[in-house]
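Contents: one structure, followed by commentary.
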Amino acid sequence: MIKKILPAQAFRKLAALYTDMQTSYSAHAQTLGLSCDGCPQNCCTSFFQHHTRIEWAYLLHGLRELPADRRAAYEERARAYVREATDALSRGERPSIMCPLNDDGRCGVYAHRLMICRLHGVPNRLRYPDGRAIDFPGCFRSQELCAGTDSFPVLDRTALYTRLMELEVQFVGPRQIRALPRVDLTLAEMIVQGSPKL
């Protein structure tokens with residue numbers, strides 16, 4: 001039986017999961033020969049939406065650890081991001097806007113960055129309980145490295161995602177999670193909206 005756990009315990013477990021994600025990502029990137037050094041593109045302009053309250057809360061936990069002036073600057077950037085993204089979506093365009101937490105190519109809350117920020121670059125796969133699988137090609141540089149070959153490493157993130165969802169249920173509570181609406185927010189929207197309702 002799954003029981004609700006305290007935020008501090010949930011955050012410790014999430015930090016451990018993030019370490020495992022980084023280990024898997026690094027191994028796949030190294031095998032592939034993938035590096036972000038000198039890349040002409042920036043994944044931090046990708047329009048990512050995130051889906052867990054535990055990652056949302058952990059991100060805000062990281063923001064609260066920052067000096068007040070730096071946190072305020074990120075919050076202002078987040079509000080600007082939401083306005084620009086809303087305008088782009090209203091025109092039928094996919095937003096391509098720099099993440100509000102990006103400082104000259106570096107993440108301002110690197111230890112608290114979300115799952116997709118950690119795993120996006122390499123080719124990866126997510127398997128569903130019904131047997132379906134979705135493949136994600138990774139970043140453009142990763143796709144270039146894999147072009148013309150039938151065999152390249154693919155990070156199966158199913159076990160990592162399963163652990164994340166188990167943590168989500170423990171963090172929110174097994175009863176509450178069924179009653180709450182699905183999370184489908186950009187990082188900027190998470191910052192603007194504040195702490196998730198549990």
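The values are calculated or read from the model by the stated rules, or taken from the named source; none is laboratory data. Since the structure is predicted, the reported quantities are computational estimates derived from the model, not experimental observations. Methodologically, a virtual Cβ is constructed for each residue, glycine included, from the backbone with ideal geometry; neighbour enumeration extends over all protein chains shown. These accessible areas exclude ligands, DNA and RNA; they are computed on the full protein's heavy atoms, side chains included. Shrake-Rupley method; radii C 1.70, N 1.55, O 1.52, S 1.80 Å.
Can you say whether Asp104 is open to solvent by 50 Å² or more (accessible area, probe 1.4 Å), under 20 Å from the mean Cα position of the chain (by Cα) and free of Cβ contacts under 8 Å to residues at least 40 places away in the same chain, as far as the supplied structure shows? The answer is yes for Asp104.
Any residue that is more than 22 Å from Asn124 (Cα to Cα) and surrounded by 16 or more Cβ atoms within 10 Å (Cβ to Cβ) - is there at least one of those in the range 13-26? Within the range 13-26, one or more residues are more than 22 Å from Asn124 (Cα to Cα) and surrounded by 16 or more Cβ atoms within 10 Å (Cβ to Cβ). Tallying residues that are closer than 15 Å to Leu119 by Cβ and either aliphatic (A, V, I, L, M) or over 16 Å from the mean Cα position of the chain (by Cα) (or both) within the range 1-22 yields 3.
If you go through the range 36-80 and keep only what is touching a helix residue (DSSP H, G or I) at 6+ places or on another chain (Cβ under 7 Å), under 17 Å from Val109 (Cα atoms) and among the hydroxyl-bearing types (Ser, Thr, Tyr), you end up with Tyr58, Tyr74. Restricting Thr186, Thr149 to residues that are under 17 Å from the mean Cα position of the chain (by Cα), of a type in the set (Ser, Thr, Tyr) and farther than 18 Å from Leu14 by Cβ narrows the list to Thr186. Restricted to the range 115-140, and to residues there that are part of a loop (DSSP other than H, G, I, E, B) and either modelled with pLDDT of 95 or more or surrounded by fewer than 15 Cβ atoms within 10 Å (Cβ to Cβ) (or both), the residue that is nearest to the chain's Cα centre (by Cα) is Pro137. Restricting the first member to the range 4-20 and to residues that are of a type in the set (Asp, Glu), and the second to residues that are open to solvent by less than 60 Å² (accessible area, probe 1.4 Å), no beta-carbon pair is closer than 6 Å while six or more apart or on different chains.
For the range 142-177, the set of residues classified as of a type in the set (Lys, Arg) and surrounded by 14 or more Cβ atoms within 10 Å (Cβ to Cβ) consists of Arg157, Arg163, listed by residue number.
Can you pull out every residue in the range 47-82 that is open to solvent by 40 Å² or more (accessible area, probe 1.4 Å), in a loop (DSSP other than H, G, I, E, B) and within 28 Å of Met165 (Cβ to Cβ)? Correct list: Phe48, Gln49, His51, Glu65. Of all the numbered requirements in (1) in contact (Cβ under 8 Å) with a residue 12 or more places away in the chain; (2) more than 17 Å from Gln49 (Cα to Cα); (3) more than 16 Å from the chain's Cα centre (by Cα), Val192 misses one, and that requirement is (2). Of the residues in the range 87-96, at least one is open to solvent by 50 Å² or more (accessible area, probe 1.4 Å), among the hydrophobic types (A, V, I, L, M, F, W, C) and modelled with pLDDT of 95 or more.
When Ala111 is tested against (1) surrounded by 17 or more Cβ atoms within 10 Å (Cβ to Cβ); (2) in contact with a Gly (Cβ under 7 Å, 6 or more places away or on another chain); (3) under 27 Å from Leu34 (Cα atoms), only condition (1) is not met. On the basis of being open to solvent by 50 Å² or more (accessible area, probe 1.4 Å) and of a type outside the set (Val, Ile, Thr), does Arg182 make the cut? Criteria met by Arg182.
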